[in-house]
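The values are calculated or read from the model by the stated rules, or taken from the named source; none is laboratory data. Keep in mind that what you see is a predicted model, and the values were worked out from it rather than measured. With ideal geometry, Cβ positions are generated from the backbone for all residues, glycine too; neighbour counts draw on all protein chains shown.
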Amino acid sequence: MDRARLADFLRTRREALQPEDVGLPRGQRRRTGGLRREEVAVLSDMSIDYYSRLEQQRGPHPSEQMLASLARGLRLSLEERDHLFQLAGYATPQRTIRAEHINPGMMRIFDGLEDAAAQVVSHLGETLRQTRLAVALLGDESAYAGLARSKHYRWFTDLSSRAIHPEEDHSTQSRLMVANLHGAYTRDGRGSRAAEIVEALLPISPEFAELWREHPVAGPYCAPKRIQHPQLGLVELYCQTLVDPDQSQLLVVYTAAPGTESYRKLQLLSVIGDQRV
């Protein structure tokens with residue numbers, strides 16, 4: 001671990017970012033350009049003291065998870081992210097954690113959608129970031145670990161995960177889940193995380209196995225969704241997606257047609273937030 005160069009790299013990248021780049025107000029008392037240390041700490045989901053000690057060359061050896069959070073908070077490119085890992089003493093071969101990294105351009109768009117129901121997901125259905133409204137609408141989908149991080153896996157192993165959709169939509173959702181996973185498996189091949197999920201599901205879910213044998217193919221668009229919210233009831237939504245081919249990630253934004261009951265419910269949800277028990 002090169003403490004001096006790591007500290008210098010963090011400082012230069014922090015000073016290169018402007019509040020507007022990460023969706024923060026500039027304010028009138030900001031005397032210098034760039035972000036403050038406390039702002040980077042919040043964006044990276046870590047304590048201010050922890051981040052400050054890293055910049056002061058007296059911090060602990062950060063874990064890969066901490067480095068991934070820093071890369072996200074500082075909006076680093078994939079190349080910059082790998083350089084950060086090298087400065088901290090880690091090699092940079094292909095790793096599962098690499099899929100955690102969100103393209104800086106994608107993050108800038110996400111930052112501008114704070115009041116919308118939006119989330120960034122991987123091609124394996126792993127939710128990486130959610131806005132407050134998306135959490136209130138769908139629940140915290142980023143809190144899972146292991147194979148359960150994939151909503152495709154949860155759909156066939158945890159029936160409670162299906163409660164978010166009306167029962168009459170379940171068969172359609174099942175086919176869509178399998179089609180998406182089939183596309184990921186075809187692209188990534190054997191030995192991939194997609195293959196790991198498929199190999200885990202085939203012996204334990206007859207429904208998945210039957211659909212898998214049919215080789216379903218997903219369409220190029222995000223179909224309308226019907227969400228069964230525990231407080232507001234049925235919410236009918238449209239979704240738009242922005243695809244980042246390099247990172248195999250999607251930015252998904254859920255909207256409702258203005259003037260509809262679902263539109264009013266979404267507006268109410270933006271006020272009351274997540275009140276799930």
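Conditions tested, residue by residue: (1) surrounded by fewer than 18 Cβ atoms within 10 Å (Cβ to Cβ); (2) without any contact (Cβ under 8 Å) to a residue 40 or more places away in the chain; (3) not assigned by TED's automatic domain parsing to the domain that holds residue 177.
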site: 39; (1), (2), (3): no, yes, yes
site: 45; (1), (2), (3): yes, yes, yes
site: 53; (1), (2), (3): yes, yes, yes
site: 63; (1), (2), (3): yes, yes, yes
site: 68; (1), (2), (3): no, yes, yes
site: 86; (1), (2), (3): yes, yes, yes
site: 115; (1), (2), (3): yes, no, no
site: 125; (1), (2), (3): no, no, no
site: 130; (1), (2), (3): no, yes, no
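Being of a type outside the set (Gly, Ala, Ser) and either modelled with pLDDT of 90 or more or surrounded by 14 or more Cβ atoms within 10 Å (Cβ to Cβ) (or both) narrows it down to one of 246, 169, so name that one.
Values: 246 fails: either modelled with pLDDT of 90 or more or surrounded by 14 or more Cβ atoms within 10 Å (Cβ to Cβ) (or both).
Result: 169 is the single residue among 246, 169 that is of a type outside the set (Gly, Ala, Ser) and either modelled with pLDDT of 90 or more or surrounded by 14 or more Cβ atoms within 10 Å (Cβ to Cβ) (or both).
Filtering the stretch 166-175 for residues that are touching a residue at least 60 places away in the same chain (Cβ under 8 Å) and either assigned to a helix (DSSP H, G or I) or over 30 Å from residue 23 (Cα atoms) (or both) leaves a non-empty set. For the stretch 54-94, give me each residue that is among the charged types (D, E, K, R) and either assigned to a loop (DSSP other than H, G, I, E, B) or over 21 Å from residue 16 (Cβ atoms) (or both). Passing the criteria: 58, 64, 75. Only residues that are closer than 14 Å to residue 248 by Cα and part of a strand (DSSP E or B): list them for the stretch 120-135, please. Correct list: 120, 121, 122, 126, 127, 128.
Could you tell me whether residue 81 is in the same structural domain as residue 21 (by TED's automatic domain parsing), surrounded by 19 or more Cβ atoms within 10 Å (Cβ to Cβ), of a type outside the set (Asp, Glu) and modelled with pLDDT under 85? The answer is yes for residue 81. Only one entry in 161, 174, 150 is in contact with a helix residue (DSSP H, G or I) (Cβ under 7 Å, 6 or more places away or on another chain), within 28 Å of residue 112 (Cβ to Cβ) and hydroxyl-bearing (Ser, Thr, Tyr), namely 150.
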